[in-house]
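Input: a single structure, listed below in structure tokens.
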């Protein structure tokens, strides 16, 4: 039913988009090549890998882009430390997209394939972007469809599926010659096997030495969510520089409610250096069926102990440094930058406990951890 | 859900009001600041999409974390 | 309520007014103006009476404007001696970035500085760049909004036609 509501909204918005007076032609994105190295370290998980992006115009009306992304995972996370054994994994993701400039509109279509040993996800999307009201407003509409195939390393017969539909409406609005505002809405519906094929929940059991036992998690077969965000960017002469902020609220049919806010400052120094400092805070309340410790086996229709659906907050601080280097050496290059990004995030859980830390069942300390996220990348425009 | 309906009506309402007469209050030649590097909404798409992935894989919330547009008004 | 909105949308679609696209042909007297050039001397549009004139409103921060410049320079070289004048009108409040761009991409035709945007308003510049072509009588004959590769061919055809008139 939510799916119908979302589709109807997008259909009306699309009709309105067609009718609203368009500004003079949009511009296709610039040709570019990016080479990124990413690294995440936190909760005894290390995930590193490259991300390559290439984008090129073909003729005057079309721009194509391809992205190759890898996650090399080495995990001894809290769940692994609680009831499983450390593992390594590799995830490959490949995306292809094309932009087509027709009149005043840019049509985009794309496909992404994400592949790992026991999980394959495919996504196809279609989007429309249009500048209206003299170019002061940009409207984006998109629809995406996803198909997941879930397996299990320990059981070759295990095979489950999940489907996804995403509906997105985005607006960016020039308010003054120094102020830009953005608005985003995204509605997502999932259907199928939505939990993890390995994760366990725990329930009290006096007969067990630990005082509790594990059983596999069991999630509802559907999930519908909606998220709204508002953002702003304000230009300040010094530098030049800009201050930005955005906030998002989220809720879904699992009972998860969340909000996050970000505040940042971008400073450009002599057109060679760019510094970006930002802080982000995220806060979420648990899914209705979530519990760190159930009173007995099969206590509910749905069971979940994934910290991702628990009650928690995270606070992050991020610094990006960009250096624009001279590319006179390479005639065919317009511009090149080298970038470094460091993000420190602190996670604190309110109803997810740290079992390996020890203690009586349900009395273990609440879990918390910090993560370091590092990116090093080169960008070339030609 | 009422908000979604409101959005749909807004789109339709704008159409019926015949908003083709709205003059841009920021002229194209006044958009120098908006075209600046520091004002770009999606300055580093590869980095932005990676950060989005970092957040979404550890948080329950998903969606509405980025937009595009509002550029230099060229063409 | 949503069904009503859809019906309204459908009926408006039936009486749709399409937006004016790309270049439009017009005929009206070009407003006169005078702006400083790079040396600070006041240059007036009247100084070029009798010539076919192309006015190009541009800014250094505008990608398509930058792409167009070398092509405009070619046109200026080709037809400059045949009763044609090209004038680049920079619309930036602070000319420093424009001058830096011109140092890297020099052009032979005069650049005038409309720092107060008075001439941009006079010529109703609604897109960046905007190219206005005037005939020998000082009438506005062709207006191009924006720049897409290939526009320079239109400029060439129009300049040649106006020179021959």
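The values are calculated or read from the model by the stated rules, or taken from the named source; none is laboratory data. Computed from a predicted structure; not experimentally measured. Don't worry about glycine lacking a Cβ; one is built from the backbone with ideal geometry, like all the others, and counts go over all protein chains shown.
Side notes on the structure shown:
- A count restricted to region A:232-247 and to residues that are facing another protein chain (nearest Cβ under 7 Å) and in contact (Cβ under 8 Å) with a residue 40 or more places away in the chain stands at 2.
- Within region A:258-274, the set of residues being within 10 Å of another protein chain (Cβ to nearest Cβ) and farther than 14 Å from residue A:308 by Cβ comprises A:259, A:260, A:262, A:265, A:266, A:267, A:268, A:271, A:274.
- Hey, residue B:63 facing another protein chain (nearest Cβ under 7 Å), under 19 Å from residue A:179 (Cβ atoms) and either modelled with pLDDT of 90 or more or crowded, with 22+ Cβ neighbours inside 10 Å (or both) or not: no
- Taking the numbered list (1) under 18 Å from the mean Cα position of the chain (by Cα); (2) crowded, with 17+ Cβ neighbours inside 10 Å in turn, residue A:322 passes all entries but (1).
- Across region A:43-79, the qualifying residues are those that are in a loop (DSSP other than H, G, I, E, B) and in contact with a strand residue (DSSP E or B) (Cβ under 9 Å, 6 or more places away or on another chain), and the one among them that is nearest to the other protein chains (Cβ to nearest Cβ) is A:60.
- Selection status of residue C:39, within 15 Å of residue C:113 (Cβ to Cβ), within 12 Å of chain B (Cβ to nearest Cβ) and modelled with pLDDT under 95: no
- Restricting region C:91-106 to residues that are in contact with a helix residue (DSSP H, G or I) (Cβ under 9 Å, 6 or more places away or on another chain) and either at pLDDT below 90 or in a loop (DSSP other than H, G, I, E, B) (or both), the residue that is nearest to the other protein chains (Cβ to nearest Cβ): C:91
- With respect to (1) in contact (Cβ under 8 Å) with a residue 12 or more places away in the chain; (2) more than 30 Å from residue A:245 (Cα to Cα); (3) assigned to a strand (DSSP E or B), the lone exception for residue A:156 is condition (1).
- Evaluation of residue C:153 against the conditions (1) more than 14 Å from every other protein chain (Cβ to nearest Cβ); (2) surrounded by fewer than 19 Cβ atoms within 10 Å (Cβ to Cβ) shows that the sole unmet condition is (1).
- For residue C:47: the one exception among (1) assigned to a helix (DSSP H, G or I); (2) touching a strand residue (DSSP E or B) at 6+ places or on another chain (Cβ under 6 Å); (3) away from every other protein chain (no Cβ under 14 Å): (2)
- Annotation note: Cβ proximity below 6 Å between a residue of region A:62-84 that is in contact (Cβ under 8 Å) with a residue 40 or more places away in the chain and a residue that is surrounded by fewer than 15 Cβ atoms within 10 Å (Cβ to Cβ) (sequence gap 6+ or interchain) occurs for A:81/A:356.
- Condition met for residue C:84 (more than 14 Å from chain B (Cβ to nearest Cβ), within 26 Å of residue A:28 (Cβ to Cβ) and buried (at least 19 other Cβ atoms within 10 Å of the Cβ)): no
- Taking the criterion of being outside any helix (DSSP H, G or I) and more than 12 Å from every other protein chain (Cβ to nearest Cβ), the residues of region C:50-79 that qualify are C:50, C:51, C:52, C:53, C:54, C:55, C:56.
- Filter result for residue A:172 (assigned to a strand (DSSP E or B), out of contact with any helix residue (DSSP H, G or I) (no Cβ under 8 Å at 6 or more places or on another chain), in contact (Cβ under 8 Å) with a residue 12 or more places away in the chain and closer than 15 Å to residue A:7 by Cα): no
- Single residue of A:136, A:101, A:96 found to be out of contact with any strand residue (DSSP E or B) (no Cβ under 6 Å at 6 or more places or on another chain) and more than 28 Å from residue A:306 (Cβ to Cβ): A:101
- Candidates A:95, A:114, A:82 - the one that is surrounded by 14 or more Cβ atoms within 10 Å (Cβ to Cβ) and not in a strand (DSSP E or B): A:82
- Selected residue (criterion: nearest to residue A:269 (Cα to Cα)) from residues of region B:29-43 that are at the interface with chain A (Cβ under 7 Å from one of its Cβ atoms) and crowded, with 18+ Cβ neighbours inside 10 Å: B:38
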